[in-house]
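Worksheet for the structure shown next.
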Amino acid sequence: MRSYNEALILNQQPQTLGQVLENDPTVRTSYGFGNAAEQFVIRGFALYGDDVGLNGLYGIAPRQLIAPELFQSVQVLNGASAFLNGAAPGGSSLGGSVNLQMKRAGASDLNRVTLGYTSDANVGGSFDVSRRFGEGGAFGVRINAALRSGDVAVDGEFRRTLVIGGAFDWRDDNTRLFLDLGYQKVEVDGLRPKVTIGTATIPAVPGATANYAQPWTYTDLRDVFGVVRFEQDLGDNAMFYATGGARDGSEQGIYGGITVLDTATGAANGNGLYVPRTDNNEAFEAGLRVKLGTKVTQEINFGTSAVWQVNRNAFDFLYGPGFAGFATNIYDTPVAAIPGSASVGGDLDSPFPISRVRLLSAFASDTLGLLSGRVLITAGLRLQDMQVKSYNYYDGGSLTNTYRKSAITPALGVVVKPVPGLSLFANRIEALQQGPTAPLDALVVNAGEVLAPVKSTQYEVGGKLRLGTFEAGLSLFRIDLPVGYSVDAGAGDGRLRFGLYGRQRNEGVEFTLNGEPVKGLRFIGGATLVDARLRRTSGGLNQGNRAVGVPEWTANAGMEWDVPATGLTLTGRMVHTGKQAVNIANTLEIPDWTRFDIGARYVLVAADKPVTLRLGVDNVANKRYWASAFDVFSAALLQGQPRTFKASASIDF
C-alpha cells in the first residue's frame, strides 16, 4: 500500500482526488459518461467513485468528484481487496482500491490559513485548525474547510467547491473513540465531455484548452457523510473494534454527449441527458483482533461487516425528436439549444428507488508467525451474502429483479523476510463483485438493469526492499474478470443489449520506488507493464485482442529537491502513459503520451510566523493529447488537461 499524505496534497494544490493519484505510476484517471465523475484504472480494471473507501468503509465517501482537502492520507492498495474490505458495492475495485483517511488532531496545535489560485480564474482559500485538550491531550478536535470558485484552464469550464470537515477523538489507556464528519458541495458548469468515436479513424486532438461542451451542461453534487469508530483494548493482546458510517448524497445535472462523425472536419452529433439522483448509504464493521504466542505467534482477526445502499434516480434523454440529437463540432463548437425530451424514465421531480443493495459478510483470518516473524503465513475466509433489488423506471418503481448470492472467498498469503529490509511475498485471493449496471442509453434495451454478481481470482508474487528511507517494490500479477459490453439485441432495429459476454485477463509487472535516497532529495515513481487481453469472446470474435483503454505501460517520476540553505524547494514530475486500444476490435488506438509538471515552493518567516509560497505548472508544454480511452460502454476518449498554473500561500500561526 502506498500513502499520499496531507503535506503532498497541500503542496501540490490538487482540486480532485484524481489529481492526487497522478503521482501513482500504477493508477490512471478517466471520466464517466458525460458528467463530472472520476473513475480510476488500476491494473487495467476500473475503480468507480462509488467504491472509494472512507476510513475503511465503502459507500460513505462522495461518489463522483472528491475534493482532497479533508483527508490526512490517500491510500492506494494494488490488487483484489474484497477479502480485506468485503465486496465493493459498485462492482469494481478488482485491480486495486483507494481508501481515504480523514484529518485528525495531531500532537501539536495547528492554525493554518491558505489562499490559492488556479488558472484561468479559479481562486479560493482554506483554513485548518487542530487542538488537543485535557490530561495528556486525551481529547482532540480538528476543523478544516476550503472554498474555491471560478473558471479553470479549459475554455468555459467553471468549477466551485466547498468542503467542511470536523474530526473529534477521545482516548485513554484502553479506549479510543473517533467521530469524523464531512460536507462537500461541488458545481461544474460546461464540463469538457468525453468524445465518442463514430468513425473508422481517430480524430486529431483539439486545441489544449478547447471545450466542445454546451454552456447548458452542468453537474451539481452535495454530500453529507460521517464515520464513528470505537476501539477497546481487552488486554495486552486483544482489541475489540466497531465502526459505522453513513452518507446522504444528492446530485443532478444535464450531461453532454458528443459523437464524432467526420474526423477530417470534426463534425459531430450532440445530445444531453438530465439525471436527478439521491443516495442513502450506511456501512458497518465490527471485529476482534487477538495476538497469541511468543516463538510461534498468531494474529487472529474475525468479525462482520454490512453495507446498505438505496439509489433513487430518473433520467430524461435530451436527444430531440427521433433521437436525432443536434449538429456540433469538436474543433469549432456552435452553441445549440437544449434538445427536446426523447424518452423519460422514472419521476424527474421526486425520483423513486431504482436499486437497493445489501451486502453482508463474516470474516476470519489467522496470521502465523515463524522464525521470529521472518515467515508469516496468512489464511482467511470471508462469507459474503449479496442481495440486490432493481426497480422499473416506467411504471412507478415496481420491483423488476431480485437476486441474492452467497460465496466463500478464501485468501492465502505468505511473506518471507530472509534479511532485514527485504520481504518476499505471494498471495492467492478471490473476490465477489456486484455485476455491472447496463448504461442509461436510449439504444440499450435493458438500460439500468443490474447484472448478477461475478467471482474472480488473483495470483501475485513479488518483493519489497527498504534501504534506510528509500523503498522499492516489485510484483507480478494475474487477474481474470468477466467483462460486460453491449451486443446486438437481435430485433433488427439497431438496439443493443448489455451483458457479461467476455472475459478479460490482465497479467503484468509493477515496479515502484519512493523515499529520500539522499537528504533533501525525495522521489516518487515507478512503472507498470500490463498485458490485458480478451480471453473469452462470443464466437471467438476479438479473441486475444487488447482490452479497451488499458495502457500497455505507464511510468511516473516525481522529484523534490530542497536547495541547501535557501528555504527553496524545486519540484518536477513526468507522467507517461502508453498507447491504448479504443475499440474491442483493436482497429483504433490512441498513441502514448508524456506530460511534464514543474513547481517550486519557498518558506520564509514573516512576523515570526512561517509562510509558505507555492507555484506550480502542470503540463508545462501545453501538450494536447487523448489521455484515456477507458470506457465500459463505448469507444470514447478523454482529452488531457491543458497547461495549468497554480499558486498558493499558507501561513501557520
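The values are calculated or read from the model by the stated rules, or taken from the named source; none is laboratory data. Source: prediction; values computed, not measured. Cβ placement follows ideal geometry from the backbone for every residue including glycine, while neighbour counts extend to all protein chains displayed.
Scan the stretch 123-144 for residues that are under 30 Å from Arg643 (Cβ atoms), free of Cβ contacts under 8 Å to residues at least 60 places away in the same chain and surrounded by 17 or more Cβ atoms within 10 Å (Cβ to Cβ) and the total you get is 3. Any residue in the stretch 331-343 that is surrounded by 14 or more Cβ atoms within 10 Å (Cβ to Cβ), at pLDDT 95 or above and out of contact with any strand residue (DSSP E or B) (no Cβ under 7 Å at 6 or more places or on another chain)? Yes: the stretch 331-343 contains one or more residues that are surrounded by 14 or more Cβ atoms within 10 Å (Cβ to Cβ), at pLDDT 95 or above and out of contact with any strand residue (DSSP E or B) (no Cβ under 7 Å at 6 or more places or on another chain). Scanning the stretch 436-443 turns up no residue that is modelled with pLDDT of 90 or more and surrounded by fewer than 20 Cβ atoms within 10 Å (Cβ to Cβ). Only one of the listed residues (Gly150, Gly136) is in a strand (DSSP E or B) and of a type outside the set (Ser, Thr, Tyr). That residue is Gly150. Name the residues in the stretch 436-466 that are small (Gly, Ala, Ser), closer than 19 Å to Gly86 by Cα and not in a strand (DSSP E or B), would you? Ala452, the sole residue that qualifies. Within the stretch 196-219, if we keep just the residues that are part of a strand (DSSP E or B) and in contact with a Ser or Thr (Cβ under 8 Å, 6 or more places away or on another chain), the residue that is surrounded by the most Cβ atoms within 10 Å (Cβ to Cβ) turns out to be Ile197. Against the list (1) touching a Pro at 6+ places or on another chain (Cβ under 9 Å); (2) of a type outside the set (Phe, Trp, Tyr); (3) over 22 Å from Gln39 (Cα atoms); (4) in contact (Cβ under 8 Å) with a residue 60 or more places away in the chain, the condition Ser634 fails is (3).
Select from the stretch 454-474 the residues that are modelled with pLDDT under 90 and surrounded by 20 or more Cβ atoms within 10 Å (Cβ to Cβ) and write down the one among them that is farthest from Asn313 (Cα to Cα). Only one residue tops the list, namely Ser456. One residue alone among Leu500, Leu451, Leu476, Leu422 is aliphatic (A, V, I, L, M) and farther than 25 Å from Gly544 by Cβ, and that residue is Leu422. Quick check, is Val416 within 30 Å of Tyr274 (Cβ to Cβ), β-branched (Val, Ile, Thr) and at pLDDT 85 or above? So Val416 does not fit the description; no.
Checking each residue in the stretch 610-624 for being part of a strand (DSSP E or B) and either at pLDDT below 95 or buried (at least 19 other Cβ atoms within 10 Å of the Cβ) (or both) picks out Thr612, Arg614, Gly616, Asp618. On the stretch given as the stretch 154-195, residues that are free of Cβ contacts under 8 Å to residues at least 40 places away in the same chain, crowded, with 19+ Cβ neighbours inside 10 Å and not in a strand (DSSP E or B) total 1. Each residue in the stretch 335-380 was checked for being of a type in the set (Phe, Trp, Tyr) and under 30 Å from Gly448 (Cβ atoms), and 1 pass. Condition check for Val605 on (1) surrounded by 14 or more Cβ atoms within 10 Å (Cβ to Cβ); (2) over 24 Å from the mean Cα position of the chain (by Cα); (3) assigned to a strand (DSSP E or B): one failure, at (1).
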